[in-house]
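First up is the structure itself, then whatever we jot down about it.
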Amino acid sequence: MNLCIFYFLGMIISRIGSIIIEPLFKRIKFIVFADYEDYIIASKEDTEIKILSETNNLYRSILGLSFVLLIIDLYLIIRTQCNYLNTVYSIIFIIFIFILFAFSYQKQTRRIKQRVDKIKNERGVLENEHS
């Protein structure tokens, strides 16, 4: 049972990094990503890029964990001041998880579509060259 709970918490932390930390850092230009199509092409030629990307995602998850710890501490401080939070914290948590994974789903769907469109465009170019 604990294994399932820890796995789920890990997923939440990972998604917080992907859905909250990453866009925030991109918006403030703390990080700049390569174009996704360039990444796909380059990762086929240089397999180390995938390893570097996995490490990059690990760091993003650690940032997500730090963010979660900060939120938990703030919640505990506020909870002592606001008694009504004791009765609605589970509803707030469930709504947060729903929104977090809805945006995760959207992001993953967009990534899949980008890859499909890239292949479709490449095949269209290849088919036109052979015609």
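Values quoted throughout were computed directly from the atomic coordinates according to the rules given, and no laboratory measurement underlies them. Just so we're clear, the structure is a prediction, and the values are computed from it rather than from any experiment. Note: ideal-geometry Cβ built from the backbone for every residue, glycine included; neighbour counts use all protein chains shown.
Report the calculated FRET efficiency for ARG27 and ASN121 (r = Cβ-Cβ distance, R0 = 30 Å), to the nearest 0.05. That pair, ARG27 with ASN121, gives E of 0.60.
Note on region 2-130: with charges restricted to the Cβ of Lys and Arg (+1) and Asp and Glu (-1), its dipole about the Cα centre is near 500 debye.
Taking a point 7 Å out from the Cα of PHE67 in the direction of its Cβ, the residues of region 94-121 whose backbone N falls within less than 20 Å of it are 94-111. With the helix formula -39500 (n - 2.57) applied to DSSP H stretches of n ≥ 4, the chain reaches a computed 222 nm mean residue ellipticity of -29500 deg cm²/dmol.
Judged by the mean number of other Cβ atoms found within 10 Å, the most tightly packed of the peptides 51-61, 22-32, 7-17 leads the ranking 7-17, 51-61, 22-32.
Pairs of Lys residues in the chain are counted when their Cα atoms are under 18 angstrom apart and they lie 8 or more places apart or on different chains; the count is 4. Put simply, the amide H of ILE31, placed in the peptide plane, has neighbours under 5 Å in LYS26, leaving out anything fewer than 5 places away on its chain.
For TYR36 and THR87 in one chain, what is 0.36 nm times their gap in residues minus the Cα-Cα distance, to one decimal in nm?
Gain in length upon complete extension: 14.0 nm.
Which of the listed residues, ILE40, GLY124, TYR89, is farthest toward the dipole's positive end in the chain, when Lys, Arg count +1 and Asp, Glu count -1 at the beta-carbon? Towards the positive end, the residue furthest out is TYR89.
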